[in-house]
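Below is one structure; the comments refer to it alone.
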Amino acid sequence: MFELPECVTLTRQMNEALTGKTIQRGMLGNSPHKFVWYNCSHEQFERLTHGKVVGAAYAKGKWMFVPLEPGYLLVLGECGGKVLYHPAGAKPPERYHLWLTFDDGSALTVTTQMWGAMELFEAGKEQERQYVKGMRPTPLDPQFTFAYFSGLIDSLLSGEKRSVKGLLTQDQLIPGLGNAIAQDILFRARLHPRRPLAELTPEQRRRLYDAILETVGQVIAEGGRYDEVDLHSHAGGYVRLMDAKAAGKPCPVCGTPIEKQAYLGGACYFCPECQKA
Ligand SMILES: [Zn+2]
């Protein structure tokens, strides 16, 4: 699944490859998929996208927003899979869930293996969509200060007991983070995934905050994770520290074998020595 760094990478590349191009034809998928969410019919999509010009795309959380001017916005949200650019003459994939062809013969396709929203909105109306509406600050927003982050933790201390992994992966508390990047954030912060939020010391809160910014920044700088591909079908440059390949191998810091544990809807990989707390 794309997380914030992959969405940032893809929208940056869309701006290099697509901005200013005119859509000749827009099509929704030729491959029915229960978990692709559309908000218009094939006919509407084709009619509304025809002749539109691609504006400057941007990412927020796990959502990508692509202006189709005048007046519309293509929204790709909570997606996994492939968002690919095809230069004129290149052969697009046989299966796709969205396809835009441009007047210069190039194309953009989106194909998901898991799920994802592929929706077209009148510009501005996307703000009313569930998950976009009221989205909390993401680690790239100026509002995501340490004071904000610490306040967010305070607000979660009453009620349901959450762990640090829960803070990073549940309920879009920190939009854009997911199970993949959370593993490396916790490793850098030297925190056990099950550590209750209520037990974090002020110093651990600070370490966690710093680890979020450092990890997000590094994955973006390296063009996304190595287990996802970018707009040009190249794997990202960021090699994850803690993932299935690391399980059982020595920790890069202390040499203890990395453990795998199922927890909160997905496996956790962590060093039992460095991430004791
Ligand atoms: Zn270790």
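Some observations on this one:
- Reported count of residues in the stretch 216-259, each being in contact with a helix residue (DSSP H, G or I) (Cβ under 8 Å, 6 or more places away or on another chain) and within 16 Å of the ligand (Cβ to nearest atom), is 4.
- Candidate set: the stretch 71-93, residues that are in a loop (DSSP other than H, G, I, E, B) and without any contact (Cβ under 8 Å) to a residue 40 or more places away in the chain; chosen: the one nearest to residue 173 (Cα to Cα): 81
- Taken over the stretch 93-105, the residue count meeting the criterion of being surrounded by fewer than 19 Cβ atoms within 10 Å (Cβ to Cβ) and in contact with a strand residue (DSSP E or B) (Cβ under 9 Å, 6 or more places away or on another chain) is 5.
- The listed residue being surrounded by 14 or more Cβ atoms within 10 Å (Cβ to Cβ) and either among the charged types (D, E, K, R) or touching a His at 6+ places or on another chain (Cβ under 8 Å) (or both), out of 260, 249, 276: 260
- Looking across 173, 168, one residue alone is out of contact with any Phe, Trp or Tyr (no Cβ under 8 Å at 6 or more places or on another chain), crowded, with 18+ Cβ neighbours inside 10 Å and modelled with pLDDT of 95 or more. It is 168.
- Of all residues in the stretch 263-273, those being within 10 Å of the ligand (Cβ to nearest atom) and buried (at least 20 other Cβ atoms within 10 Å of the Cβ) number 2.
- Where residue 156 falls short, out of the listed (1) among the aliphatic types (A, V, I, L, M); (2) modelled with pLDDT under 95; (3) touching a Ser or Thr at 6+ places or on another chain (Cβ under 9 Å): (3)
- Residue under evaluation residue 217, criteria (1) in contact with a Gly (Cβ under 9 Å, 6 or more places away or on another chain); (2) under 30 Å from residue 109 (Cα atoms), criterion not met: (1)
- Any hit, the stretch 50-65, residues being of a type outside the set (D, E, K, R) and more than 20 Å from residue 122 (Cα to Cα): yes
- Where strands (runs of 3 or more DSSP E) fall wholly inside the stretch 12-69, no range has 3 or more residues that are without any contact (Cβ under 8 Å) to a residue 40 or more places away in the chain.
- The stretch 106-123, subset modelled with pLDDT of 95 or more and assigned to a loop (DSSP other than H, G, I, E, B), residue surrounded by the most Cβ atoms within 10 Å (Cβ to Cβ): 106
- Any hit, the stretch 186-194, residues being more than 16 Å from the ligand (Cβ to nearest atom), over 30 Å from residue 18 (Cα atoms) and of a type outside the set (Val, Ile, Thr): yes
- Checked against (1) surrounded by fewer than 22 Cβ atoms within 10 Å (Cβ to Cβ); (2) of a type in the set (A, V, I, L, M); (3) under 13 Å from the mean Cα position of the chain (by Cα), residue 53 passes all but condition (3).
The values are calculated or read from the model by the stated rules, or taken from the named source; none is laboratory data. On a predicted model such as this, the values are computed, not experimentally measured, just so you know. Every residue, glycine among them, receives a Cβ derived from its backbone with ideal geometry; neighbour counts consider all protein chains shown.
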